[in-house]
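Have a look at the structure below before the remarks.
The values are calculated or read from the model by the stated rules, or taken from the named source; none is laboratory data. Because the structure is a prediction, the values reported are computed rather than measured. Methodologically, a virtual Cβ is constructed for each residue, glycine included, from the backbone with ideal geometry; neighbour enumeration extends over all protein chains shown.
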Amino acid sequence: MRVWDKKSIQELLEKSDYAVERAILAIYQRQEEDEKQDGVTRKRNGVGFGAFDADYFSTRAVFLLSGQPLTPYLASRARVRGIGRYWRQLAEIANENEVRKMRKHES
C-alpha cells in the first residue's frame, strides 16, 4: 500500500495537470454546500478551501464539473495560487482511497 505524504502530493501536483484538476475537485467536495453555492468559506473547520482561496478554486471546480479540463495555463495558475498547500487534506483523501483499495482486494 502506498502512503501519501507532503512530498509525494506536492511532487505529483507539480508534474501533472490532471492531478491539479483532481485536487481542486477533491477539496471542493469537502466544502459545505452553502459555501459551494456562494464560492466562499464561512467555517474554520479544516476542510475545503481557505477563505482566501475559496472563490478562485471554487470557480475552477465549477468549470471542471462542467466537463472542461483546465488549460495548461490554468493548471499552472492553480499551482501558483497554492493548491499544494492543501496537501494534508489531499494526503488524507489519497490514503483513505489506498485503504479502500486494499480492503477491496482482500475481500
Check your understanding: Which one of Leu74, Leu70, Leu90 is surrounded by 12 or more Cβ atoms within 10 Å (Cβ to Cβ), modelled with pLDDT of 95 or more, not in a helix (DSSP H, G or I) and not small (Gly, Ala, Ser)?
Key -> Leu70
**Study point:** Long-range neighbours under 9 Å by Cβ, at least six apart or interchain, first residue part of a helix (DSSP H, G or I) within region 14-29, second polar (S, T, N, Q) and surrounded by fewer than 13 Cβ atoms within 10 Å (Cβ to Cβ)
**Key:** Asp17/Thr71
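Of the residues Leu25, Leu13, only one is farther than 14 Å from Trp87 by Cβ and among the aliphatic types (A, V, I, L, M); which?
On the way: Leu13 fails: farther than 14 Å from Trp87 by Cβ.
Exactly one residue qualifies, and that residue is Leu25.
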Study note, to complete from the structure: Scanning region 60-75 residue by residue, those over 14 Å from the mean Cα position of the chain (by Cα) and in contact (Cβ under 8 Å) with a residue 24 or more places away in the chain turn out to be Pro69, Pro72
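Condition first: of a type in the set (Phe, Trp, Tyr) and not in a loop (DSSP other than H, G, I, E, B). Now tell me which residues in region 38-57 satisfy that.
Here is the first cut: in region 38-57, the ones of a type in the set (Phe, Trp, Tyr) are 49, 52, 56-57.
Those that are of a type in the set (Phe, Trp, Tyr) and not in a loop (DSSP other than H, G, I, E, B): Tyr56, Phe57.
On the basis of being over 29 Å from His105 (Cβ atoms), surrounded by 12 or more Cβ atoms within 10 Å (Cβ to Cβ) and of a type in the set (Gly, Ala, Ser), does Ser16 make the cut? Break it down stepwise before answering.
Values: over 29 Å from His105 (Cβ atoms): no; surrounded by 12 or more Cβ atoms within 10 Å (Cβ to Cβ): yes; of a type in the set (Gly, Ala, Ser): yes.
When the stated conditions are applied, Ser16 does not pass them.
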